[in-house]
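The values are calculated or read from the model by the stated rules, or taken from the named source; none is laboratory data. Predicted, not measured: the structure shown is a model, and the values here were computed from it. Here the Cβ positions follow ideal geometry from the backbone for every residue, glycine too, while neighbour counts run over all protein chains shown. These area figures cover heavy atoms from the full protein model, side chains too; ligands, DNA and RNA do not enter into them. Shrake-Rupley method; radii C 1.70, N 1.55, O 1.52, S 1.80 Å.
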Amino acid sequence: QVQLVESGGGLVQAGGSLRLSCAASRSIFEFNRMGWFRQAPGKQRDLVASISSSGDTNYRDSLKGRFTISRDNAKNTVYLQMNSLNPEDTAVYYCAAGWRVGGPEYWGQGTQVTVSS
């Protein structure tokens, strides 16, 4: 079945940058939309950004300008470039694919992002 594998998480100091990658096991053209969510301890899983099959993007308002989502169709991979990170960005970041009425159909295992002050 579909597998989404995240990578690129780690520890970074405040003000630094990270680039997350999500590699899909099938053509990303099969998905109407792909995106990134994040979940901090004790908090709900929130949408960070998403990108449609046509390239349209949307962002969580508070993150717009710092985070950028993109895709490489040849590599079946979506990316999340995160700049000017702060400790509040600390969370597990999940790749998601295939938007349905009830939410994304497929999920990756998550990658930890920790931002130190």
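Things worth noting here:
- Strands (runs of 3 or more DSSP E) fully within the range 1-76 counting 2 or more residues that are more than 15 Å from PRO104 (Cβ to Cβ), among the small types (Gly, Ala, Ser) and open to solvent by less than 80 Å² (accessible area, probe 1.4 Å): 18-24
- Given (1) within 15 Å of the chain's Cα centre (by Cα); (2) in contact (Cβ under 8 Å) with a residue 12 or more places away in the chain, index of the condition SER84 fails: (1)
- Taking residues in the range 13-34 that are under 27 Å from SER117 (Cα atoms), and partners anywhere that are open to solvent by 50 Å² or more (accessible area, probe 1.4 Å) and aliphatic (A, V, I, L, M), the pairs with Cβ atoms closer than 9 Å and at least 6 places apart or on different chains are SER21/VAL5; CYS22/VAL5.
- Some residue of the range 92-106 being assigned to a loop (DSSP other than H, G, I, E, B), free of Cβ contacts under 8 Å to residues at least 12 places away in the same chain and on the phi > 0 side of the Ramachandran plot: no
- Scanning the range 75-109 for residues that are modelled with pLDDT of 95 or more and of a type in the set (Lys, Arg) returns a single hit, LYS75.
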